[in-house]
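Below you'll find the structure, written out as C-alpha cells, and then a few comments.
Each value in this text was obtained by applying a stated rule to the coordinates, not by laboratory testing. Source: prediction; values computed, not measured. All Cβ positions, glycine included, derive from the backbone under ideal geometry; neighbour counts span all protein chains shown.
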Amino acid sequence: MLEPIREPVLWSVEHQPNGKFLRNSLVRAALARAYMHEGDKDRLAHFSHILTTGFADSVEDTGAIALRNFLLKEGAAVSGVDSGWIDTFVKAQNAIWNFMRGREMRRVRSVNHERYPMPKKLGRSK
C-alpha cells in the first residue's frame, strides 16, 4: 500500500528545508505531493533550497520566499496538528505551485482546493 508513495516521500525527506519552523511534516507532505505532479524535479529541489536559505535568484522564485516568511512569522502556530494545519498545508502547496510556474508571489494565500491532490490511482482522491 505504501509503495506508490515511497519515492515521493523519500525525495521530500532528502530535499526538505532546514531551519526552525521550516523543517516540518506539512512542508514535507506538500513537497511529496508536488513531486507526484511536477516534472521538473530540479526546480522543485530549488524551491526547498530557497526555502532554507532565503535567497532567491529572481521574482520567479518569490513563492519560496513568501512561504518562508509566512512560516517564520507564524512559527509554531502553523506547524502543529491542532493549529489549522490543513490551511498551512494548502498554502504550502499553493506557494510551490506558483513557484513551479514562475509566478511572482508576495505572500501566501489560502485557496479552497489542493493544488496537488492525491492521485486517484492511490484511492484517496475525492
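Normalised by residue number, the volume inside the convex hull of the Cα atoms of the chain is 103 Å³ per residue. Pairwise Cα separations in region 40-113 fall into 5 Å bins from 0 onward with the following percentages, short to long: 3, 18, 29, 25, 15, 7, 1, 0. Entry note, the chain: relative contact order of 27 percent, from Cα contacts under 8 Å with a spacing of 6+ residues. Applied to region 52-63, the Karplus parametrisation 6.51 cos²θ - 1.76 cosθ + 1.60 on θ = phi - 60° returns per-residue 3J(HN,Hα) values of 6, 7, x, 10, 9, 8, 7, 5, 5, 9, 5, x Hz, with x for Gly and Pro. Here the 3J(HN,Hα) profile of region 105-120, calculated from phi with Karplus coefficients 6.51, -1.76 and 1.60 at θ = phi - 60°, is 9, 7, 8, 6, 10, 6, 10, 8, 8, 7, 6, 10, x, 4, x, 4 Hz, Gly and Pro shown as x. Taking a straight line from the alpha carbon of Lys121, these aspartates and glutamates sit under 17 Å away, with near neighbours fewer than eight places off in the same chain left out: Glu3, Glu7, Glu38.
Round to the nearest 0.05 the FRET efficiency obtained for Phe55 and Glu7 when R0 = 35 Å and r is the Cβ-Cβ distance. Once the sixth-power term is evaluated, E becomes 0.80.
Using just its DSSP H runs of length 4 or more, each adding -39500 (n - 2.57), the chain gives a mean residue ellipticity at 222 nm of -17000 deg cm²/dmol after division by all residues. Dipole check for the chain: with +1 at the C-beta of Lys and Arg, -1 at the C-beta of Asp and Glu, and the Cα centre as origin, the magnitude is about 340 Debye. In sequence order, region 34-45 has phi-based couplings of 4, 4, 5, 10, 8, x, 8, 5, 5, 5, 5, 5 Hz under the Karplus curve 6.51 cos²θ - 1.76 cosθ + 1.60, θ = phi - 60°, and Gly or Pro positions carry x.
Distant-in-sequence amide contacts of Glu38, defined by a placed amide H-H separation under 5 Å and a gap of 5 or more residues or a different chain, comprise nothing. In region 40-113, taking the dipole from charged Cβ atoms about the Cα centre, the farthest positive-side position among Trp97, Ala77, Ser110 is held by Ser110. By other beta-carbon atoms within 10 Å, ranking Val9, Val90 with the fewest at the front produces Val9, Val90.
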